[in-house]
1. For the range B:4-175, taking Cα atoms only, what is the radius of gyration to one decimal and the Dmax to the nearest whole Å?
2. List the trypsin sites (Lys or Arg not before Pro) in the range B:78-178 that DSSP assigns to loop (not H, G, I, E or B) and whose Cβ has at most 10 other Cβ atoms within 10 Å. Which are they?
3. Just to be sure I understand: with springs between alpha-carbon atoms less than 10 Å apart, which residue in B:Gly14, B:Gly51, B:Gly93 has the highest mean-square fluctuation in the Gaussian network model of chain B?
4. For the range B:60-106, run through the GluC sites (Glu not before Pro) and keep only the ones in DSSP coil with at most 13 other Cβ atoms within 10 Å of their Cβ.
5. Considering only the label points, 7 Å along Cα→Cβ from Cα, what distances in nm to one decimal separate A:His125 from the same position in each other copy, shortest first?
6. Report, in whole Å, the centroid distance computed from the Cα atoms of the range B:47-75 and the range A:85-139.
7. Would you calculate, for chain B, the mean residue ellipticity at 222 nm contributed by helices, counting each DSSP H stretch of 4 or more residues as -39,500 (n - 2.57) and dividing by all residues, to the nearest 500?
8. Arrange the following residues from fewest to most other Cβ atoms within 10 Å of their Cβ: A:Asp35, B:Asp106.
Protein chains: 2
Amino acid sequence: MRKLSLFIATSLDGYIAKPNDDLSFLKIVEQEGEDYGYAAFTAQVDTIILGRKTYEYVLKEIGSSHYDNGTRDVYVITRTERPGVGRTTFYTGDLKTLVEKLKAEDGQNMYCDGGAEVIDALLKHDLIDEMTISVIPILLGNGTRLFKDGRPEQRMELVSSRSYESGLTQLQYIRKRT
Amino acid sequence: MRKLSLFIATSLDGYIAKPNDDLSFLKIVEQEGEDYGYAAFTAQVDTIILGRKTYEYVLKEIGSSHYDNGTRDVYVITRTERPGVGRTTFYTGDLKTLVEKLKAEDGQNMYCDGGAEVIDALLKHDLIDEMTISVIPILLGNGTRLFKDGRPEQRMELVSSRSYESGLTQLQYIRKRT
């Protein structure tokens with residue numbers, strides 16, 4: 001069965017962005033030639049699931065080629081119907097149904113690229129199989145939390161942890177299913 | 001100058017307790033003969049600051065000898081005046097004033113043993129110099145957060161990270177003052 005993974009950076013106090021989608025805190029760990037395993041991770045992925053706001057943010061900040069480059073299936077979770085673009089589908093149906101259908105298909109792994117709302121929905125339905133969390137050495141004090149209140153308890157298994165010279169610590173877990 | 005430290009366990013999703021002060025999730029990392037550095041840490045400490053609710057919780061669960069054993073100064077932060085017991089003082093004044101006074105005195109390090117309200121007040125006043133956070137491999141989904149919203153941004157410096165066989169990862173930071 002294909003796995004659905006998170007690969008995400010948070011501040012030590014658990015925020016993935018400061019208010020107003022400010023991601024500038026990520027700059028404190030930027031180092032020439034160091035991608036913290038991102039390229040190796042995405043090389044195992046052929047399907048991306050993400051929220052509409054995150055999709056539009058990336059379109060604006062990085063450009064459409066980041067997702068719509070023909071190499072991967074992209075599912076944008078949205079409430080507004082919209083025709084697809086290349087391998088990008090705008091999905092207005094039930095998230096759990098989509099993920100269960102995709103997991104049952106053949107293919108490489110799947111990656112949820114955010115945002116916080118989609119991640120929260122996936123966690124509530126216990127659909128995340130693996131998470132790589134990069135802890136940035138800063139307390140932001142406010143912002144968008146990676147983990148919202150009101151989810152079920154879930155045991156995780158630590159696969160690895162690694163610290164980098166920048167002070168980033170990367171923790172990798174798989175969902176422990178008993 | 002004496003340092004004020006945290007030494008605390010949180011779930012991967014950032015809770016130090018489940019609702020109703022339920023700490024049973026800590027059991028998943030309990031291992032014979034492994035204290036995750038707690039004894040070595042407290043050996044460097046001669047002063048403890050903690051909230052009144054945490055004090056009473058420990059009194060009930062562990063007994064009065066945990067704090068009132070004559071070996072360390074204990075400051076219980078409370079709104080209700082109460083005569084001291086041995087080296088335990090019930091402090092109703094301003095927290096910042098107390099910590100700044102204690103830091104300026106001679107002595108070993110100081111340790112804040114919780115709870116979440118006192119930690120939050122100390123972080124808001126930028127009085128925490130060092131924190132050792134043990135990340136327990138579980139998502140609790142709900143509970144008391146270690147880091148509340150509404151604090152100032154603070155840069156931290158990673159000192160060490162260490163993973164244990166139980167899946168606990170311990171991250172140690174010092175406050176980076178520029």
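1. According to the Cα coordinates of the range B:4-175, Rg and Dmax are 15.8, 45 Å.
2. Working: sites: B:Arg79, B:Arg87, B:Lys96, B:Lys101, B:Lys103, B:Lys124, B:Arg145, B:Lys148, B:Arg155, B:Arg162, B:Arg175, B:Lys176, B:Arg177; in loops: B:Arg79, B:Arg87, B:Lys148, B:Lys176, B:Arg177.
Counting only loop positions with at most 10 other Cβ atoms within 10 Å, the trypsin sites (Lys or Arg not before Pro) in the range B:78-178 are B:Arg79, B:Arg177.
3. Of B:Gly14, B:Gly51, B:Gly93, the most mobile in the Gaussian network model is B:Gly93.
4. On the way: sites: B:Glu61, B:Glu81, B:Glu100, B:Glu105; in loops: B:Glu81, B:Glu105.
Answer in residue order: B:Glu81, B:Glu105.
5. 4.7
6. 45
7. Numbers: 4 runs with 34 residues, N = 178.
Result for chain B, helices only: -5500 deg cm²/dmol.
8. On the way: A:Asp35 11, B:Asp106 5.
Placing the least packed residue first, the sequence is B:Asp106, A:Asp35.
Any read-out appearing in this document is the output of simple, stated calculations on the displayed coordinates, not a laboratory observation. On a predicted model such as this, the values are computed, not experimentally measured, just so you know. Glycine gets a Cβ as well: all are built from the backbone with ideal geometry, and neighbour counts include every protein chain shown.
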